[in-house]
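**Student:** First the structure, then my questions, so here it is.
The values are calculated or read from the model by the stated rules, or taken from the named source; none is laboratory data. Note that this is a predicted model, so its numbers are computed, not measured. Virtual Cβ from ideal backbone geometry, glycine too; neighbours counted across all protein chains shown. Protein only, heavy atoms only, side chains kept; ligands, DNA and RNA dropped before computing areas. Shrake-Rupley method; radii C 1.70, N 1.55, O 1.52, S 1.80 Å.
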Amino acid sequence: PRWAVAYKFEPRNEVTRVEDIVVQVGRTGKLTPVALLKPVDVGGVTVSRATLHNAGEVARKDIRVGDLVKVERAGDVIPAVVERIPEKDKKRSKPFKMPEKCPVCGAPVIEEGAYHFCTGGLSCEAQLKRGISHFVSKSALDIDGLGSKTVEALVDNGLVKSVADIFRLRKEDLLTLEGFADKSAENLLSSIEASKKISLARFLYALGIRNVGEHVARILAERFGSIERLMDAKEEELLAINEVGPEVARCTVSFFKDGK
């Protein structure tokens with residue numbers, strides 16, 4: 001029906017040059033190549049970084065350092081490299097290759113399907129920081145006052161070396177960080193204490209198990225009822241649950257097996 005049809009403007013794109021390609025490590029250890037660009041205005045926003053998604057996309061578009069590229073903001077939000085613009089007689093750099101070791105912690109990198117993953121787990125500082133940020137986010141434990149900058153400061157200063165260390169923080173620890181005074185430290189500690197009374201579903205989501213989002217976390221919580229029962233579950237038990245597929249089952253069992 002005509003009333004259900006929506007029209008969108010073509011996303012605005014601009015031309016700029018790739019100054020470097022770096023690899024970013026995500027919460028689950030996924031390595032994502034990112035193009036560092038000569039800053040360019042795209043729809044009123046200055047863009048200097050753009051995702052290249054994965055090694056396969058980089059190879060398909062044949063993006064290299066020094067190339068002239070077309071950049072757009074996908075959905076008018078996320079900057080992405082659309083394509084390379086050929087330049088006649090220009091000598092190009094070597095093709096991009098994913099690293100064999102994590103650029104943050106040096107752990108071996110493994111390839112799973114279209115993606116590459118760091119095997120360092122929470123011993124990888126990048127995964128630890130992003131894992132904690134996810135753990136304390138609004139949809140998870142909802143700890144007010146633990147923003148990304150505070151998380152980085154806690155990890156960089158050695159005050160937090162695991163997710164569990166959040167619950168061992170003391171007022172004197174927080175007062176050593178820039179921006180914390182008596183009141184802000186007390187407020188954060190109160191928020192941490194209050195987060196201990198959340199539902200099992202939100203706690204499961206907070207753990208950051210790969211492929212387990214909010215919906216699947218609710219299903220697992222309803223089915224098992226306790227974290228202990230889920231920790232002891234076999235893949236066959238998980239696969240018997242509607243809406244739980246092989247990847248979710250494998251990742252869930254592997255998460256608790258590695259943690260024991």
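**Student:** Tell me which residues, restricted to the range 178-216, are among the hydroxyl-bearing types (Ser, Thr, Tyr) and in contact (Cβ under 8 Å) with a residue 24 or more places away in the chain.
**Tutor:** Ser184, Ser191, Ser195, Tyr205, listed by residue number.
**Student:** Test Leu200 against the criterion of being more than 30 Å from Ala153 (Cβ to Cβ) and open to solvent by 40 Å² or more (accessible area, probe 1.4 Å), and give yes or no.
**Tutor:** When the stated conditions are applied, Leu200 passes them.
**Student:** So, in the range 90-119, how many residues would count as being in a strand (DSSP E or B) and open to solvent by less than 40 Å² (accessible area, probe 1.4 Å)?
**Tutor:** The number of residues fulfilling the criteria is 4.
**Student:** Suppose the filter is farther than 16 Å from Arg73 by Cα and either in contact with a strand residue (DSSP E or B) (Cβ under 8 Å, 6 or more places away or on another chain) or at pLDDT 90 or above (or both); does Asp20 pass it? Quick ask: steps written out before the conclusion?
**Tutor:** Values: farther than 16 Å from Arg73 by Cα: yes; either in contact with a strand residue (DSSP E or B) (Cβ under 8 Å, 6 or more places away or on another chain) or at pLDDT 90 or above (or both): yes.
Yes: the conditions hold for Asp20.
**Student:** Right, here's the next one. Can you name every residue in the range 41-56 that is surrounded by 18 or more Cβ atoms within 10 Å (Cβ to Cβ) and either modelled with pLDDT of 90 or more or not hydrophobic (A, V, I, L, M, F, W, C) (or both)?
**Tutor:** Result: Val47, Ala50, Leu52, Asn54, Ala55.
**Student:** I need the full set of residues from the range 217-258 which are touching a residue at least 40 places away in the same chain (Cβ under 8 Å), under 16 Å from Tyr205 (Cα atoms) and open to solvent by 50 Å² or more (accessible area, probe 1.4 Å), in order please.
**Tutor:** Passing the criteria: only Phe255.
**Student:** In addition: Checking the conditions here, which among Lys196, Lys161, Lys138 is part of a helix (DSSP H, G or I), modelled with pLDDT under 95 and farther than 19 Å from Lys30 by Cβ?
**Tutor:** Lys196
**Student:** Oh, and also: Could you please let me know if Arg49 is part of a helix (DSSP H, G or I) and either without any contact (Cβ under 8 Å) to a residue 24 or more places away in the chain or within 18 Å of the chain's Cα centre (by Cα) (or both)?
**Tutor:** It is false that Arg49 is part of a helix (DSSP H, G or I) and either without any contact (Cβ under 8 Å) to a residue 24 or more places away in the chain or within 18 Å of the chain's Cα centre (by Cα) (or both).
**Student:** Scan the range 126-150 residue by residue and report those that are touching a Ser or Thr at 6+ places or on another chain (Cβ under 7 Å) and over 12 Å from Leu207 (Cβ atoms).
**Tutor:** We begin by selecting, within the range 126-150, every residue touching a Ser or Thr at 6+ places or on another chain (Cβ under 7 Å); these are 133, 141-145, 148.
Of everything in the range 126-150, those that are touching a Ser or Thr at 6+ places or on another chain (Cβ under 7 Å) and over 12 Å from Leu207 (Cβ atoms) turn out to be Ser133, Asp142, Ile143, Asp144, Gly145, Ser148.
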